[in-house]
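Comments concern the structure below.
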Amino acid sequence: MMRAAQSPQWFSWQATFHGAQPDEQVVLVARQHPYRLLVGTWPIVLGLMLLFALLIGQANTMVPGALWGIAEVLTGAITLLMLVRWVVDDAYHWWNTLYSITDQRVIQSFHGVTQQDVEIPLPKIQATRVITSSIMHWLLGFGSVEIAGSAGQRIIFRDIYAPRQVDVQIQEARDRARQVSHPTLPLIADPRLQHVLDTLGAPEPMPAPTPLSAEVSLAWPLSRAARVPLEQGEQQLGVISRHWWALLVRERWALLVLVAAILSIWLSASLAVPLGMLTLVLSVVGVIWGLLAYLDFVDDVFILTTRRVIDVQRKYFVLFETDIAIEYSKIQVVDLEVTSVWARLVGYGTVIVKSSATPDKDWIRMAMVPHPQQIRDAINRSQTALKKRGDIQQANQRKDDLRTWFQEVMGEMVATTPDLRGCTLAEAMALAQSHGLRVLVMGETVAFPNYPAGVVISQNPQPGARCLRGGDISVMLNRM
């Protein structure tokens, strides 16, 4: 049982992860948002309010007390039953249901009287989807993250706090699981040899991403949907808003209501009919309806990044929101549809991003977007750029592996010659052996009369030279 290392979730400091492997690092452990726990208390609150109303009614009416007592007992009993049901059902499942992310997998677990674990290994995650479906989700900042695996598995992190950040944590954990780490090796003492290895292992620079053109990536006022958190190293290429004709289509009913308001003003003025209240109601309804339709329009966008296509869908501003993301590596084909003469004249169409890893309902349909041909080309260009970056990354990985191997081998095969001068023969042999070298005595000579006999007065190779391990150091000893 392992406690979560970090988590943005409410009450997650109490959450523990069951069944972690010895080498498994926990990224996140979370429960559902407390709002889901409180929703089930409404029958209890209603029963308490009714019981309170009965007590007040008994004190202020002349009805016989026995009837009030029976009603109070029944209401109290039903309220108590609702409380017991909430404890053994809602609270029990809320407390024992955990959503976990580790450096190896994502897990939906239930550990109570019964136990159930559903997991997807990180390398098998194909797609994720963020969903917020009510105004309470938007106000309190929680939602769901749907995770699809390669074998048809599907896990839903239901009603968790900050779902977009959790989605990013899943993607980053998956990326880290794919990375290969190397141990840090000490530098080779010979700077020239180290420079050669560093030059051979120097990575090829990544090409700079190409942003979307200004005519495709429009910035409408009051837009906030483009603030989708990105993964580490991911860059946003542009935000694709729908064509202005899509705004007129969404605003048509609001415009009709405003036309009706104008018509009521004309009738009131020309026929002397008091329609002021009707005009006011129609005007307010038309303005609010039109504002909500506009906010839906500016936030219903598509985001292209260096790694994926993201579809941000909103309905009535805050009542529903979902993010569907498809990575370029999972895109099977990108279709283009221009279905009418009017669409061709004003310049909009539909771009469909299809993925073999997701069902049809999770394909991204960019309906009524401007310059659809440019958008399709941009997606294909980004897909090619991602593949190129992947190829460069693999080539750089091979370079790094080769450099690491050479550095490790050279570190094992090559030794630095120690300074044996002034050492006795026994000391010199021990010091040379510690460096993987041997001492070979070439002879004795009278060089330093003041030095004791048997000490090393010269050596070859010189101190600090590089030589293969197991080699010899020739020494001359001092003779009295």
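Laboratory data are not the source of any read-out in this text; all were calculated from the coordinates shown. Bear in mind that the values here come from a model prediction, so they are computed numbers and not experimental data. Note that each Cβ is placed from the backbone with ideal geometry, even for glycine, and that neighbours are counted across all protein chains shown.
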Stokes-Einstein diffusion coefficient for the range 287-387 at 4 °C in a medium of 1.567 mPa s, Rh from the Kirkwood formula over Cα pairs: what value in µm²/s? 89 µm²/s
Antiparallel %, DSSP beta bridges [both residues in the range 417-478], to 5: 40 percent
Please work out, to two decimal places, the log10 of the ratio I(q)/I(0) at q = 0.09 Å⁻¹ from a Debye calculation in which every Cα of the range 2-178 carries one identical scatterer. -0.44
Going residue by residue through the range 124-129, the Karplus relation 6.51 cos²θ - 1.76 cosθ + 1.60 with θ = phi - 60° gives ³J(HN,Hα) values, rounded to whole Hz and with x marking Gly or Pro, of 9, 6, 9, 7, 10, 9
Taking only C-alpha pairs under 8 Å that are 6+ residues apart, what is the relative contact order of the chain in percent? 11 percent
Can you give me the relative contact order of the range 320-468 as a percent, contacts being Cα pairs under 8 Å and 6 or more apart? 18 percent
All alpha-carbon distances of the range 202-355, grouped into 5 Å bins from 0, give the whole-percent distribution 2, 8, 13, 15, 16, 13, 9, 7, 6, 4, 3, 2, 1, 0, 0, 0, 0, 0
Shape box of the range 417-478 [Cα atoms, principal axes, largest first, Å]: 34, 17, 17
Rounded to the nearest 10, the angle in degrees between the Cα long axis of helix 163-178 and the longest principal axis of the Cα atoms of the chain comes to 30 degrees
When DSSP beta bridges are limited to those with both residues in the chain, what percentage is antiparallel, rounded to the nearest 5? 90 percent
Report, to the nearest 10°, how far helix 252-271 tilts away from the longest principal axis of the Cα atoms in the chain, using its own Cα long axis and a range of 0 to 90°. 30 degrees
If exposed means trypsin sites (Lys or Arg not before Pro) lying in a DSSP loop and surrounded by at most 16 other beta carbons within 10 Å, then the longest stretch of the chain lacking such sites spans residues 1-223
Across the range 267-418, how many lysine pairs, 8 or more apart or on two chains, come within less than 18 Å at their alpha-carbon atoms? 7
Quick check: the angle from helix 42-60's long axis to the longest principal axis of the chain, C-alpha only, nearest 10 degrees? 40 degrees
Mean ellipticity per residue at 222 nm, deg cm²/dmol - from DSSP H runs of n ≥ 4 across the chain, formula -39500 (n - 2.57): -13000 deg cm²/dmol
Within the range 2-178: Cβ-based charge dipole about Cα centre, in debye rounded to nearest 20 (Lys, Arg +1; Asp, Glu -1): 260 debye
Given charges at Cβ of Lys, Arg, Asp, Glu: the chain dipole, positive-most of Asn380, Leu256, Pro211: Leu256
Relative pair counts by distance (%), Cα atoms of the chain, 20 Å bins: 16, 31, 26, 16, 7, 3, 0
